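Scroll down for the structure; my scribbles are underneath it.
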Amino acid sequence: MKIDLFLIFSFFLIQALSYDKVAVEVVVESKCPWSGQFETEVAPKLIESIGDIFTMNFDFAAKYENNNNQLTFSCMHGPSECQGNRYELCAQKYYPDKWTYFNFIKCLDQDQSQIPFNAEKCGAKEGLDWNQMKECYSKESAQLLKDSIDSMNTKYPVKYVPTVFINGVEFCVWSSDDGKCPTWDDIRDKICELYQGPKPDACSK
């Protein structure tokens, strides 16, 4: 019997694509040093090693008041952090490709004291359409930050940032001795454990 290798390959490819990716969600602050370390050191290692088997989304720790549909925000590291959070949310919305987003964040985090004033320079460096980003900041980012705060408070109330959730369950805190993630490998290993499809080679390391 003649075997159609293309059909066999297609069958296994469809099977592989049918597995749900592991959902990683992280609560951060744009000017928090620990958040910067996670975004620039931990996340890229995870993406490079097992990026095909998980998704990563960020929510932002902040507070807001809504007075007559006028949103005002307060953030741990001041108003400039709230602005930085809003730029990062715009980038997350319009540049969901992991590397584009994280290269933008890495550029911002090279000097967190300059956030959000370094956002346009970093956007240009990483090829972001800055007209689109400015429009997002002006028209959408306040609602994006409100939604992010609401999501965090509803699903993931946290005491410290960055806190890592995997498939909706708190896994560890990157910034505190209480529940601190020992190494990035522990996050990788948990993602590998939960993924039901064929494991990438990095899962066996």
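Remarks
- Lone qualifier among Asn66, Asn57 - being loosely packed, with under 14 Cβ neighbours inside 10 Å, part of a strand (DSSP E or B) and within 15 Å of the chain's Cα centre (by Cα): Asn57
- Any hit, the range 30-41, residues being of a type in the set (D, E, K, R), modelled with pLDDT under 95, in contact with a strand residue (DSSP E or B) (Cβ under 8 Å, 6 or more places away or on another chain) and closer than 27 Å to Lys190 by Cα: yes
- Elements of type helices (runs of 4 or more DSSP H) contained in the range 125-199, each with 2 or more residues being modelled with pLDDT of 95 or more and closer than 20 Å to Glu41 by Cα: 184-194
- Any hit, the range 100-111, residues being hydroxyl-bearing (Ser, Thr, Tyr), modelled with pLDDT under 95, over 20 Å from Cys32 (Cα atoms) and part of a helix (DSSP H, G or I): yes
- Residue pairs whose Cβ atoms lie under 6 Å apart, separated by 6 or more positions or on different chains, with the first residue in the range 63-81 and under 20 Å from Trp34 (Cβ atoms) and the second at pLDDT 95 or above and polar (S, T, N, Q), are Lys63/Ser74; Glu81/Ser30.
The values are calculated or read from the model by the stated rules, or taken from the named source; none is laboratory data. None of the values given here were measured: they were computed from a predicted structure. As a convention, Cβ positions derive from the backbone with ideal geometry for all residues, glycine included, and neighbour counts pool all protein chains shown.
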